[in-house]
Amino acid sequence: MRAIAGRTTLAAAILLLMPITVWLTGWQWLPGPSGWGLHVLYAITETVTQPWGIITHLLLCAVVLWRLRPDFREGVILVVILSAAVLAGQGAKSLIKAQVQEPRPFVLWLEKTQQIPVEQFYTLKRSERSALVKEQLAHQNDIPGFLRHHWQKETGFAFPSGHTMFAATWALLLVGLLWSRRNALGLALAVAWAISVMGSRLLLGMHWPLDLMVATVMSWLLATLACWSAQRLCRLWEKET
């Protein structure tokens, strides 16, 4: 357990560096010009947005199975544990969002520029929020169409970040499970992907730095427990056989 916790703690600390730095600098989000960079960030965030997030999850499960090469029973349990960690994070995120009810940055921007009161916005049903965003931004040519479409889909609350929960949990699971395989490049890419997802949530106007930090800490707890559970079960099976 101590070895796994050490690996995931190191990776979590790396993930936290970016949002902590942004928070300390006092950076505030505002819509910027649409360039190739914003398109890339949107593509990265879409790897976690449904339905693409399901495909990403299945692909990463396949990577773990390919690298660890468990027998059939171990493979089934591994996939269950990995999926449970991800789903638990998403469930906890939804419960916290409903209690904290923190507005997204772009919603506050809409209040200032389009005179849409935040309180009124969040009293509407999700379909009504989406329709309102579409209506108010229909002639806002400085906001790219893909971003307007994303805002129409993401009209919930901000704290904590579900996209960060997904990406950080998976990056930490990979570090915890595959560290001994010395797959340094693959693990570095996984951590870089998670950081990119986190950055995209800031620059697309979806989250505040604290949303990312809390989500990362929650992911660390879930991933560490999941990796320990997987390792423990594998050891039990070795004893049985």
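The values are calculated or read from the model by the stated rules, or taken from the named source; none is laboratory data. None of these values were measured; they are calculated from a predicted model. Backbone-built Cβ (ideal geometry, glycine too); neighbour counts: all protein chains shown. Areas reflect the complete protein model, heavy atoms only, side chains present, ligands, DNA and RNA absent. Shrake-Rupley method; radii C 1.70, N 1.55, O 1.52, S 1.80 Å.
Output the number of residues of the stretch 40-69 satisfying the condition of being under 27 Å from Leu202 (Cβ atoms) and either touching an Asp or Glu at 6+ places or on another chain (Cβ under 9 Å) or of a type in the set (Phe, Trp, Tyr) (or both).
4
Can you tell me which residues in the stretch 26-39 are over 16 Å from His207 (Cα atoms) and open to solvent by 90 Å² or more (accessible area, probe 1.4 Å)? Quick ask: steps written out before the conclusion?
To start, the set of residues in the stretch 26-39 that are over 16 Å from His207 (Cα atoms) comprises 33-37, 39.
Scanning the stretch 26-39 gives Pro33, Trp36, His39.
Considering only residues of the stretch 110-130 that are open to solvent by 60 Å² or more (accessible area, probe 1.4 Å) and not hydroxyl-bearing (Ser, Thr, Tyr), which is nearest to Gln50 (Cα to Cα)?
Arg126
Let me spell it out: the conditions are (1) in a helix (DSSP H, G or I); (2) open to solvent by 60 Å² or more (accessible area, probe 1.4 Å), and Arg201 meets all of them except one. Which number is the exception?
(2)
Against the definition (modelled with pLDDT of 90 or more and part of a helix (DSSP H, G or I)), how does Val133 come out, yes or no?
In short, no.
Take the residues in the stretch 84-109 that are free of Cβ contacts under 8 Å to residues at least 24 places away in the same chain and under 17 Å from Gly53 (Cα atoms), then tell me which one is surrounded by the most Cβ atoms within 10 Å (Cβ to Cβ).
Ranking the candidates gives Leu87 first.
In the stretch 151-184, how many residues are under 30 Å from Val133 (Cα atoms) and assigned to a helix (DSSP H, G or I)?
10
Determine which member of the set Pro31, Pro103, Pro70 is of a type outside the set (Ser, Thr, Tyr), farther than 24 Å from Gly156 by Cα and assigned to a loop (DSSP other than H, G, I, E, B).
Values: Pro31 fails: farther than 24 Å from Gly156 by Cα; Pro103 fails: farther than 24 Å from Gly156 by Cα.
Checking each option against the conditions leaves just Pro70.
For every residue, the table says whether it meets (1) touching a residue at least 12 places away in the same chain (Cβ under 8 Å); (2) buried (at least 18 other Cβ atoms within 10 Å of the Cβ); (3) under 13 Å from Ile14 (Cβ atoms); (4) β-branched (Val, Ile, Thr).
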| residue | (1), (2), (3), (4) |
| --- | --- |
| Phe146 | yes, no, no, no |
| Thr155 | yes, yes, no, yes |
| His163 | yes, yes, no, no |
| Leu172 | yes, yes, yes, no |
| Arg182 | no, no, no, no |
| Asp211 | yes, yes, no, no |
| Thr224 | yes, yes, no, yes |
| Cys234 | yes, no, no, no |
